[in-house]
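Asker: One structure is given below, represented as structure tokens, and several questions about it will come after.
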Amino acid sequence: MSSIAESYKAIPMNLNHIIPLDFNGVHEIPESHEWTISTEHPIVDPVTCDSLPLIDLSDPNALSLIRKACEEWGAFQVINHGIPLNLFEEVELQTRRLFSLPTHQKLTILRSPDSITGYGMPHIQTFFPKLMWSEGFQLIGYPMEYASQLWPQEPDQQTNFCDVMEKYQKEMKAFTEKLFEMLLGSLGLTLEDIHWFKPTTDGSNNHQNVLTLNSYPVCPDPNRTMGLAPHTDTSLITVLHQSGSTGLQVLKDGSGWVPVVPVSGALVVNLGDLMEVLTNGLFKSIMHRAVANMTNHRVSVAFFFGPPRDVEIAPLVKLTDEDHPALYCPLTWKEFLQTKAKHFDKALEVLRNKGAKDNLD
Ligand SMILES: C=C1C[C@]23C[C@@]1(O)CC[C@H]2[C@@]12CCC[C@@](C)(C(=O)O1)[C@H]2[C@@H]3C(=O)O
Ligand SMILES: O=C(O)CCC(=O)C(=O)O
Ligand SMILES: [Fe+2]
């Protein structure tokens, strides 16, 4: 059995693309972090122009609103999701505790070049000549091996951190499974149409999920830097809790970069590349990016919901016919991460053109 944790073994990253800047006391943008931001797409005003749909999950029309948002945007915000709001406060507090540690302490849990978990710059850094104004920490499950290094003298803090992260992942797992069912429902499908989906009452099914804590330190000139460069996620669904400060922007066809205005207690749902594959392109994965700001240290928490290990994702049979042939070749999340690590934003195109996964190189 091969898991996503092994995805980067064949394509290790360069250490210069993992170690973040020590952002403390930086008042000038170093050349290494100075970006020329493309003006190909303008930043639009989310108040007077397009704004990301906000869906109330208790609305009787929720399914049709979800379908519209998934077809037109590939993302939406949700309220009435059932996750206790104090859990967001707890996860944000623990996230801030981690990132406010001295740099030498954070470097004790530096991600190794062939690994998925640990502290460092985003995996996509490798595709950009300039460095991003952010740092992140990826974890899977109960992260005691990391917490014990971060707070060696504080056993209570170690357990607090791990307990909150574990509780958050459990809530997110249940929520993303429910959301996945709603997304299918919006297309007239059920979980029965997904041969690999095995819901369990005790939460023990083997979906693969990753939690990422993102940190965007205060930046002296955000217009000349990039917090997290434009990308689509590889997951089926990503659920993002953004703290009170703006920073996330989604790319809307025909409009431009639309800032996602934080709504208290709401979660942002992004569709990832594997959802585009599964729905044979009916739902699109959304291009998005994040920017830092001059006044607040912005943090966000992203939960990546993926398929079980060794399950090949392919366009759903019920969504294909003679007029709508399958557009993508089947592959596992791990194989897709490897394709993305080679081809980045061309990865879906590669899947469309190759027909069989043996030809992905
Ligand atoms: C499972 C994963 C999704 C992710 C790559 C990763 O292997 C672990 C971290 C995730 C993350 C977080 C920041 C943005 C992103 C594009 C990246 O570079 O690392 C996503 C990845 C993704 O969606 O592929
Ligand atoms: O911080 C954000 O708003 C975006 C984070 C994100 O896109 C990611 O973690 O993949
Ligand atoms: Fe993302």
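Asker: Give me the pairs, please: first residue somewhere in the range 58-73 and at negative phi, second residue anywhere and crowded, with 18+ Cβ neighbours inside 10 Å and among the charged types (D, E, K, R), beta-carbon distance under 7 Å, and either six or more positions apart or on two chains.
Answerer: Close Cβ pairs satisfying both conditions: TRP73/LYS252.
Asker: If you check MET172 against the conditions, is it more than 13 Å from ligand 3 (Cβ to nearest atom), surrounded by fewer than 21 Cβ atoms within 10 Å (Cβ to Cβ) and closer than 24 Å to TRP333 by Cα? Full working, then the answer.
Answerer: Details: more than 13 Å from ligand 3 (Cβ to nearest atom): yes; surrounded by fewer than 21 Cβ atoms within 10 Å (Cβ to Cβ): no; closer than 24 Å to TRP333 by Cα: yes.
For MET172, the condition - more than 13 Å from ligand 3 (Cβ to nearest atom), surrounded by fewer than 21 Cβ atoms within 10 Å (Cβ to Cβ) and closer than 24 Å to TRP333 by Cα - is not met.
Asker: Output the number of the condition that THR279 fails; it satisfies all remaining conditions of (1) in contact with a Leu (Cβ under 8 Å, 6 or more places away or on another chain); (2) away from ligand 2 (no atom under 16 Å from the Cβ); (3) under 29 Å from LEU85 (Cα atoms).
Answerer: All conditions are met except number (3).
Asker: Given GLU145, GLU135, GLU89, GLU154, which one is crowded, with 17+ Cβ neighbours inside 10 Å and either away from ligand 2 (no atom under 16 Å from the Cβ) or of a type outside the set (Phe, Trp, Tyr) (or both)?
Answerer: Values: GLU145 fails: crowded, with 17+ Cβ neighbours inside 10 Å; GLU89 fails: crowded, with 17+ Cβ neighbours inside 10 Å; GLU154 fails: crowded, with 17+ Cβ neighbours inside 10 Å.
On inspection, the qualifying residue turns out to be GLU135.
Asker: State all residues of the range 226-251 that are assigned to a loop (DSSP other than H, G, I, E, B), within 12 Å of ligand 1 (Cβ to nearest atom) and among the small types (Gly, Ala, Ser); if no residue qualifies, say none. So that I can check it myself, show each step before the final result.
Answerer: Applying the first criterion (assigned to a loop (DSSP other than H, G, I, E, B)) to the range 226-251 yields 226-227, 232-236, 243-247.
Still in the running and within 12 Å of ligand 1 (Cβ to nearest atom): 227, 232-236.
Across the range 226-251, the qualifying residues are GLY227, SER235.
Asker: Residue pairs, Cβ under 6 Å, 6 or more apart or interchain, first in the range 221-235 and under 16 Å from VAL268 (Cβ atoms), second part of a helix (DSSP H, G or I) and more than 10 Å from ligand 2 (Cβ to nearest atom). List them.
Answerer: What qualifies is THR232/ASP273.
Asker: Looking at (1) in contact (Cβ under 8 Å) with a residue 24 or more places away in the chain; (2) away from ligand 1 (no atom under 11 Å from the Cβ), which one does GLY254 not meet, given that it meets all the others?
Answerer: Every condition holds for GLY254 apart from (1).
Asker: Shifting gears a bit: What is the one condition in (1) modelled with pLDDT under 95; (2) open to solvent by 70 Å² or more (accessible area, probe 1.4 Å) that ILE140 does not satisfy?
Answerer: (1)
Asker: Can you confirm whether the range 210-225 contains a residue that is assigned to a helix (DSSP H, G or I), surrounded by 19 or more Cβ atoms within 10 Å (Cβ to Cβ) and of a type in the set (Phe, Trp, Tyr)?
Answerer: no
Asker: Looking at PHE305, PHE283, which one is hydrophobic (A, V, I, L, M, F, W, C), more than 13 Å from ligand 3 (Cβ to nearest atom) and either surrounded by fewer than 18 Cβ atoms within 10 Å (Cβ to Cβ) or at pLDDT 95 or above (or both)?
Answerer: None of the other options fit; the residue is PHE283.
Asker: Given the condition within 10 Å of ligand 2 (Cβ to nearest atom) and either under 17 Å from the mean Cα position of the chain (by Cα) or not polar (S, T, N, Q) (or both), answer yes or no: does some residue in the range 201-208 qualify?
Answerer: No.
Asker: Separate question: From SER134, SER112, grab the single residue that is over 19 Å from the mean Cα position of the chain (by Cα) and of a type in the set (Gly, Ala, Ser). Walk me through it before giving the result.
Answerer: On the way: SER134 fails: over 19 Å from the mean Cα position of the chain (by Cα).
After ruling out the rest, the residue left standing is SER112.
Asker: Same structure again: Please go through the range 25-62 and give me each residue that is in a helix (DSSP H, G or I) and surrounded by fewer than 17 Cβ atoms within 10 Å (Cβ to Cβ), ordered by number. Show your work before the answer.
Answerer: First, the residues of the range 25-62 that are in a helix (DSSP H, G or I): 31-33, 62.
Of everything in the range 25-62, those that are in a helix (DSSP H, G or I) and surrounded by fewer than 17 Cβ atoms within 10 Å (Cβ to Cβ) turn out to be GLU31, SER32.
Asker: State all residues of the range 92-132 that are open to solvent by less than 40 Å² (accessible area, probe 1.4 Å) and among the polar types (S, T, N, Q); if no residue qualifies, say none.
Answerer: GLN94, THR95, THR103, GLN105, SER115, THR117, GLN125
Asker: Among the residues of the range 226-251, count how many are open to solvent by 30 Å² or more (accessible area, probe 1.4 Å) and modelled with pLDDT under 95.
Answerer: Going through the range 226-251 one residue at a time, the tally reaches 2.
Asker: Follow-up. Filter the range 243-270 for residues that are within 11 Å of ligand 3 (Cβ to nearest atom) and closer than 20 Å to VAL210 by Cα and give the result.
Answerer: The answer is LEU248, VAL268, ASN270.
The values are calculated or read from the model by the stated rules, or taken from the named source; none is laboratory data. What you see is a predicted model, and the numbers here were worked out from it, not measured in a lab. Counting neighbours? That spans all protein chains shown, and the Cβs are built from the backbone with ideal geometry, glycine included. Heads up: the accessible areas ignore ligands, DNA and RNA and are worked out on the full protein's heavy atoms, side chains in. Shrake-Rupley method; radii C 1.70, N 1.55, O 1.52, S 1.80 Å.
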